[in-house]
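For reference, the structure discussed in these notes is given below.
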Amino acid sequence: MLKDGTYAAWYKMPLDQGTGIVHLADGQIWGRDSLMTYHGFCKVDGDRFTATVSTKRHTDGRATVFGVNDELTLDIEGTCPGKIATYTATTGQAPGIVLHGTLILAERPSPVPERPAPAPAFNPDKLPKLPKRSR
């Protein structure tokens, strides 16, 4: 099930690929990559999800992975049986082109356990003595 949280995103197409960060909370989805920001809404139904996301360029430079328009509306469908989701995205602005992607839930690190009290200083004089042996 796709859970609220922050996800590392990886996406690929036949000629290009990229990475980004995606946030999901209360049915809203937003994020960014090196060229675009995106925002929209997401619906989760068990292990399946759908989303509609609008994109907008924030940095000039190379072409987007769709190779068209700086502003797109993506229709996304995917599954998330655990902490890793897979999805496909299409857009009416680039018919016939399908983006394939993966979302990986970023987990918060475990809290650091409290440090135990310092060990007492080693004193070899306090070790038990071995019995003396005759030769």
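Filtered by the rule that a residue be small (Gly, Ala, Ser) and either surrounded by 10 or more Cβ atoms within 10 Å (Cβ to Cβ) or in contact (Cβ under 8 Å) with a residue 60 or more places away in the chain (or both), the range 85-135 gives 85, 89, 94, 101, 106. For the range 65-84, a residue qualifies if it is surrounded by 18 or more Cβ atoms within 10 Å (Cβ to Cβ), assigned to a loop (DSSP other than H, G, I, E, B) and modelled with pLDDT of 90 or more, and exactly one does: 80. Reported count of residues in the range 14-47, each being out of contact with any Leu (no Cβ under 9 Å at 6 or more places or on another chain) and within 19 Å of residue 1 (Cα to Cα), is 11.
Flag set for residue 32, criterion: of a type in the set (Lys, Arg) and surrounded by 15 or more Cβ atoms within 10 Å (Cβ to Cβ). Within the range 33-44, being more than 14 Å from residue 87 (Cα to Cα) and modelled with pLDDT under 95 holds for 33, 34, 35, 36, 37, 38.
Residue count for the range 1-28, restricted to those that are within 13 Å of the chain's Cα centre (by Cα), in a strand (DSSP E or B) and farther than 22 Å from residue 94 by Cα: 8.
The values are calculated or read from the model by the stated rules, or taken from the named source; none is laboratory data. Computed from a predicted model, the values in this text were never measured in an experiment. We place every Cβ from the backbone using ideal geometry, glycine too, and count neighbours over all the protein chains shown.
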